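K.L.:
Would you mind keeping the following structure in view while I ask a few things?
The values are calculated or read from the model by the stated rules, or taken from the named source; none is laboratory data. Just so it is clear, the structure is predicted and the values come from calculations on it, not from any experiment. Cβ placement follows ideal geometry from the backbone for every residue including glycine, while neighbour counts extend to all protein chains displayed.
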Amino acid sequence: MIRPARDAIISIMLASLLSIGGTRTATGGSNLPDPATAGFAEQLYRLDCGHSLANDESVWTPGENIGRSIEFSSTCWLIKRGSQWVLWDTGVPETALNDPKGWSTLPKLIVYHLDKTITSQLAELGLKTGDITYVALSHTHGDHIGNVGLFPNSTILMQRAEYSWIHSPDGTNDNVNQLKALARKLLGTPKHLQLIDGDTDLFGDGSVTLVSTPGHTPGSQSLLVHLKNSGFIILSGDVVHLEESFEKNIVPSLNTDKAASIASMDKVRRMIATYHAKLFINHDKAQADALKLLPAFYD
Ligand SMILES: [Zn+2]
């Protein structure tokens, strides 16, 4: 009986070594948390931050769905951790509220509509914009930073690579130049701007981690949130737009770097494995519509 017991112990040791090795692969050289010791955020709320209609899905799925229209969701997330609140993205500008003409970042391609404001959704929880400690931006496209100006007292968190990029000289792609100009206008000059470099553990306990996932734009990021009952959840940013694109590794034609986009999707896949995480995809309307909406929350 001694031998099987010893074999069992060896295989448990091997398994734990392997899982540590797996963690190292996903977190190596970064500030991604150790899944075994990460702290917790208390609540995660989904906010409705708009929806859009694009006239050619193939911009997001090159070679497929040419000329087919597609509806996207625009999603913001609110996280409570201790007495602090983190808002992830700010959605379509509140000035677009109930405007039948809508609002656009690239008028020839996509039109956004807004049925509810962030302010009114925060108010449902008894919160004012001044109660938000951090506003973390996945990237600077207008449908993500449309309301950043409503949070002058919050610390705005973004990747330094993103900030440098929108202030860099124009390139040859007119759509990209147009998006950068709009980004500078909507971002303005935040009073409290914190530029970060790569993966960043926001509270130092692994509960909320900004994860560098460049490719859609040079400083795009995703967010890893750890909750007691729901486990790890990855908020995509725009590392991917649709579940199907993630499965097929499809890169939108508007992305600034195709190879980086594929590497970032791989990074997210490794994280899903390491953290047994769920991936919530910002613009995937079918997925987003099925998720809890504020005042309901994940904990
Ligand atoms: Zn977007």
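K.L.:
Tally time: how many residues in region 266-288 are β-branched (V, I, T), within 16 Å of E243 (Cα to Cα) and either in a loop (DSSP other than H, G, I, E, B) or in contact with a Gly (Cβ under 8 Å, 6 or more places away or on another chain) (or both)?
P.N.:
Of the residues in region 266-288, 1 are β-branched (V, I, T), within 16 Å of E243 (Cα to Cα) and either in a loop (DSSP other than H, G, I, E, B) or in contact with a Gly (Cβ under 8 Å, 6 or more places away or on another chain) (or both).
K.L.:
For region 173-228: of the residues being of a type in the set (G, A, S) and at negative phi, which is nearest to the chain's Cα centre (by Cα)?
P.N.:
So, considering only residues that are of a type in the set (G, A, S) and at negative phi, the one nearest to the chain's Cα centre (by Cα) is S222.
K.L.:
What are the pairs with Cβ atoms under 6 angstrom where one residue, in region 130-157, is within 17 Å of P93 (Cβ to Cβ) and among the β-branched types (V, I, T) and the other, located anywhere, is in a loop (DSSP other than H, G, I, E, B) and within 16 Å of the ligand (Cβ to nearest atom)? Sequence gap at least six, or different chains.
P.N.:
I145/T90; I145/L137; V148/T90
K.L.:
If you scan region 203-220, which residues turn out to be crowded, with 22+ Cβ neighbours inside 10 Å and within 16 Å of the ligand (Cβ to nearest atom)?
P.N.:
The answer is T213, P214, G215, H216, T217, G219, S220.
K.L.:
Something else about it: Which of (1) closer than 28 Å to E57 by Cβ; (2) within 16 Å of the ligand (Cβ to nearest atom); (3) among the hydrophobic types (A, V, I, L, M, F, W, C) is the odd one out, the single condition L187 does not satisfy?
P.N.:
Exception for L187: condition (1).
K.L.:
I want to confirm something. Restricting to region 130-172 and keeping residues that are under 16 Å from the mean Cα position of the chain (by Cα) and part of a strand (DSSP E or B), which single residue is farthest from the ligand (Cβ to nearest atom)?
P.N.:
Y134
K.L.:
Is it true that some residue in region 154-169 is loosely packed, with under 13 Cβ neighbours inside 10 Å and either under 30 Å from Y298 (Cα atoms) or modelled with pLDDT under 95 (or both)?
P.N.:
No, every residue in region 154-169 fails to be loosely packed, with under 13 Cβ neighbours inside 10 Å and either under 30 Å from Y298 (Cα atoms) or modelled with pLDDT under 95 (or both).
K.L.:
Taking the stated definitions as given, is E247 of a type in the set (D, E) and within 15 Å of the ligand (Cβ to nearest atom)?
P.N.:
no
K.L.:
Taking only pairs six or more apart or across chains, which ones have beta-carbon atoms under 7 Å, a first residue in region 71-88 that is of a type in the set (D, E, K, R), and a second residue that is at pLDDT 95 or above and more than 16 Å from the ligand (Cβ to nearest atom)?
P.N.:
So the pair list comes out as K80/A41; K80/E42; K80/Q43; R81/A41; R81/E42; R81/F203; R81/S207; R81/V208.
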